[in-house]
1. With θ taken as phi - 60° and the coefficients 6.51, -1.76 and 1.60, list the Karplus ³J(HN,Hα) couplings across segment 177-190 in order, rounded to whole Hz; mark glycine and proline as x.
2. Using 7 Å Cα-to-Cβ label points, what is the M173/D271 separation (nm, one decimal)?
3. Counting only C-alpha contacts under 8 Å and six or more residues apart, can you give the relative contact order of segment 106-172 as a whole percent?
4. Counting other Cβ atoms within 10 Å, keep those with at most 14, restrict to DSSP loop, and tell me which GluC sites (Glu not before Pro) in segment 220-316 are left.
5. Would you mind calculating the relative contact order of the chain from Cα pairs under 8 angstrom and at least 6 residues apart, reporting the percent as a whole number?
6. Run the numbers on segment 55-131 and let me know its relative contact order in percent, using alpha-carbon pairs under 8 Å that are six or more apart.
7. If packing is taken as the mean number of other Cβ atoms within 10 Å per residue, what is the order of 81-92, 180-191, 97-108, 143-154, highest first?
8. Taking a ≥ b ≥ c as the square roots of the Cα gyration tensor eigenvalues, with a/c under 1.5 meaning rounded and otherwise prolate when a/b beats b/c, else oblate, which class fits segment 157-202?
Amino acid sequence: MSPQSNLLIVDEQSNLSEISMPAEIQAAHYVGIAYQNEPQIDQLVAQLNGRSVDAIIPVFERTVTLANQLAAAMQRPRIGDLGAKLFRNKLALRSFCQDLPINQPAYQQVTSIEQLQTFFKAHGAMILKPTMLAGSLGVVKITDEAQLASEFAFCQQIAEDADEPVALMAEEMITGAEYSCEYVVQSGHVIFQNLTKKFKFHNDFFVESGHLVPAIVNGQLRQAIYQMMDCLVNAAEIDTAVLHAEWLVTADNQPYLVECAGRRPGDRIVDLITAAYGDDFLWKYCQLLAGQSVSFNATTRNFASQLILMRNQASL
């Protein structure tokens, strides 16, 4: 991409200033918005001054809903209204999946320490998380009743400091191996599937220490995850999008949905998919949202992995 490329970036200026961006991106045309003020789509379209837009691409979690609305106004490929709503709100997704054949943990929205105590007594070890933040921000494990008050106060403060209204949700803790599933959907048809193995640091934080593409799993597990993903794609009326869903797999080979995002995966998983399958995944993602017909290799040519080291673990 060159500085002359017709690239427009729509986001809140405070978010943009926090990101280290290459010169090509810094030279792009910016349209500033304020998420707290419910950006008016008509006004945003007017700010584009009649520019012809080929694709509207959600880069971060916070941009999925806005990208869908803009794409609808400008008649570009998009995820769809239902998917944009569900994949931005973890509680809405849990409620939506309740009546679908998709495994998920017990859950409840919590607004008080008393509700959290009741949930802990019923389900034991749990995860407490904000419903609309990304990057595991504010997500904590609670394994002891003595943690309830402090962890609730911590998560509540994270939610209150967010740029948008955020609730808290308690979930039964499911233990097992962690995977993500990457799906590419075009005009309602699944055209690419992948499983990624996720590795975590052995601490109380939800920070990933590495990934392997493709994940090495048995056929029964792969089929089970893909069947539940297919169910979610159909029920949520997904039109054109990349989905990135996280799964926990128990010792008895049962997958449980953790969450699903309506945008490309982070943590350089895109690069691993490109290396493993021989396709430029990010570029094809852009082509997909530009309405072009794309195809992906169905099989890998090799494995691709990454390992993230803490500074006190090794020296280079």
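Each value in this text was obtained by applying a stated rule to the coordinates, not by laboratory testing. Because the structure is a prediction, the values reported are computed rather than measured. Here the Cβ is made from the backbone with ideal geometry for all residues, glycine too, and neighbour counts use every protein chain on show.
1. 6, 10, 9, 10, 10, 9, 10, 10, 10, 10, 6, x, 10, 6
2. Label-label distance for M173 and D271, simple model: 3.3 nm.
3. Numbers: 104 pairs, mean separation 31.6, N = 67.
Reported as a whole number, the value is 47 percent.
4. Numbers: sites: E237, E246, E259; in loops: E237.
Taking segment 220-316 and a limit of 14 other Cβ atoms within 10 Å, the loop GluC sites (Glu not before Pro) found are E237.
5. Numbers: 543 pairs, mean separation 55.8, N = 316.
Computed value for the chain: 18 percent relative contact order.
6. On the way: 44 pairs, mean separation 15.7, N = 77.
Worked out over segment 55-131, it gives 20 percent.
7. Details: 81-92: 20.7, 180-191: 19.0, 97-108: 16.0, 143-154: 13.9.
Top to bottom by mean Cβ count within 10 Å: 81-92, 180-191, 97-108, 143-154.
8. Values: a/c = 2.70, a/b = 1.39, b/c = 1.95.
Oblate shape, in that a/c is at least 1.5 and b/c is the bigger or equal ratio.
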